[in-house]
1. Under the definition of Cα pairs under 8 Å and six or more residues apart, what whole-number percent is the relative contact order of the stretch 331-380?
2. Would you list which aspartates and glutamates come within 12 Å of K297, measuring only between C-alpha atoms, while excluding same-chain residues fewer than 8 positions from it?
3. Would you list the P(r) distribution for the stretch 479-559, with all Cα-Cα distances sorted into 5 Å bins from 0 and each bin expressed as a whole %?
4. Going by the alpha-carbon gyration tensor, a ≥ b ≥ c the square roots of its eigenvalues, is the stretch 493-533 rounded (a/c under 1.5) or, if a/c is not under 1.5, prolate (a/b greater than b/c) versus oblate?
5. Could you give the accessible area per residue of the chain, probe 1.4 Å, as a whole number in Å²?
6. Can you find, among A126, C180, L158, the residue sitting farthest towards the positive end of the charge dipole of the stretch 83-238, where Lys and Arg contribute +1 and Asp and Glu -1 at Cβ?
7. For the chain, with the dipole built from +1 on Lys and Arg beta-carbon atoms and -1 on Asp and Glu ones, taken about the Cα centre, which of F571, L329, L108 lies farthest toward the positive end?
8. If you take the charge dipole of the chain about its Cα centre, with +1 on Lys and Arg Cβ and -1 on Asp and Glu Cβ, which of G516, P282, L232 is farthest toward its positive end?
Amino acid sequence: QLYGGFEDITERKHAEEQQQLAASVFDHAHEGIVITDTGGAIVDVNPAFSDITGYLPEEVKGKNPRLLKSDQHPPEFYAEMWHTLVSDGLWRGEIWNRKKNGEVYPELLTISAVSDAQGKTRNYVAVFTDITDYKEHQQHLENLAHFDPLTQLPNRALLSDRLQMALAQTRRSEKLLAVCYLDLDGFKPVNDRLGHEAGDRLLVEVAKRLKKALREGDTVGRLGGDEFVLLLAQLDNIEMCEHTLGRVLQAISGEYDLGGTKKVQISGSIGVTLFPFDDAAPDMLLRHADQAMYQAKQAGRNRYHLFDIAYDRNTRAHLEACLRIEQALGAGEFCLHYQPKVDLLRGEVVGLEALIRWQHPERGMLPPAEFLPVIDKTRFSLQLGDWVLAEVLSQMKLWQQAGIELPVSINISGFNLQDHSFTERLGDMLTSYAAATTQKLELEILETTALEDIKRASSVIEQCKALGLSVALDDFGTGYSSLTYLKRLPADILKIDRSFVRDMLDDPGDLAIIQGVIGLASAFGKQVIAEGVESGEQGAKLVELGCHLAQGYGICRPIPADSIPSWLGSFTPDPCWSRHAHTRH
């Protein structure tokens, strides 16, 4: 008789299968695996561990994982790691370790505590992956994002970060930061003559020389092309900056061997602005340095130029003022007033002078001296001059229709006079008005302007006279007049400047000048008119001297066009003029 028994070993078989699976995973995993006891001694490692670190299992069993320590992390790093592992049972992060051959490498590491059924930690399992390739790819992307691929210098993005850091450091240290903009002199001809490959070689060599010339802690970056930016930090004074810039210019100047027989000689121009003297935003600091660099170019190249803060402030204020004046024209804020001219001897009105005014919304009525100097020698001054001419011609036509046919003079700026399209534009404008109007138009040119380029002035005057206009030399006697100049300038009228008329009754010198101008006018067959007459006595003296034409506040201030008819109707000559007229007769 036989007796037997049986036992269900399903669970045991399952457990064995799980163990085999775990062992298979342990052996075939691509990640390195380290198992330690609670004291940190290595119990086992998998083949991937040996592949990654170079250590065989028998070389590490029983030893502490600190044999892999790279010395790349401070003690606090490991203390925090074990604190987290003990409290949470898990630590995950990046760590630098050292292989058996001494090579330091980065790894992504996860350490887990393994507990028994009672929850007591029995072992620690570390799983790690060599992420060298990932880090290199990351570094490559970082380089592409922050460094110029040709010269390996910081690019615009990294320069911006470095500039922000340098500014913060400068504020704390109370020292100086020089923001420098460097542009190579003669780089384009090298590119054009020798090709882009040679140009690239040149840029690489320049970058090397720049890095070598700067101090540790300074930055050199490339914006693109042949433009570089230098950040000279922690300067004690301007002299330190100038010394460094001199060294930089010397370093990049000279001969460059670009391979074969290709040798070139270049230099550089540098613009510099100093923070906190120039307490501007980062992008504005670069712009200021760029502006200064162009001034270095204009001054002769191969030099540096310090940005002038006061000059820039004045320039910006001037540009803003010009823009406001341009806006005023579009807003219809300009108008013309007219000052009568009279024949003192006959007691008659003989003409008008058009004078521009600005009806400023806040400042009221402004005379030309308040705004014309601002736009002097700008393109807008031509536009405003054309507007004055059109307004005068239009007003003359209206007056003609009302029976008022008086000559009207307008002032021509020096910039308009030098513009080669002036007489062409003038002729085009005159064709749109009646011939009778044209014959009554007079142009006034400053004597000082005419003398700047007498040949050009003479040509313009001749062209204007050919159009049927008369021409006056304004403020005569204030320039360096000579008989030769007067002979070469075919003007019809000489205007005695108000500065001589004002004190003519008390200053023998002014009186002598007036007598001289009157004599010149008579000798050259020209009319003469005095401006700035403020009293009857001045007018009487002018009549006595032989100057019959005059204008000034003593006769009439400049008045709006619509006031001219009534003023003409009420005009009465000063009795002083007629008494001297009788005396002269």
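1. It rounds to 28 percent for the stretch 331-380.
2. D183, D185
3. Spelled out per bin, shortest first, that is 3, 15, 28, 25, 16, 10, 3, 0.
4. oblate
5. 53 Å²
6. A126
7. Working it through, the farthest residue towards the positive pole turns out to be F571.
8. In the chain, that residue is G516.
The values are calculated or read from the model by the stated rules, or taken from the named source; none is laboratory data. Being a predicted model, the structure only gives us computed values, none of them experimental. Positions of Cβ are generated from backbone atoms using ideal geometry, with glycine treated the same way; all protein chains shown enter the neighbour counts. Note: areas computed on protein heavy atoms with side chains; ligands, DNA, RNA excluded. Shrake-Rupley method; radii C 1.70, N 1.55, O 1.52, S 1.80 Å.
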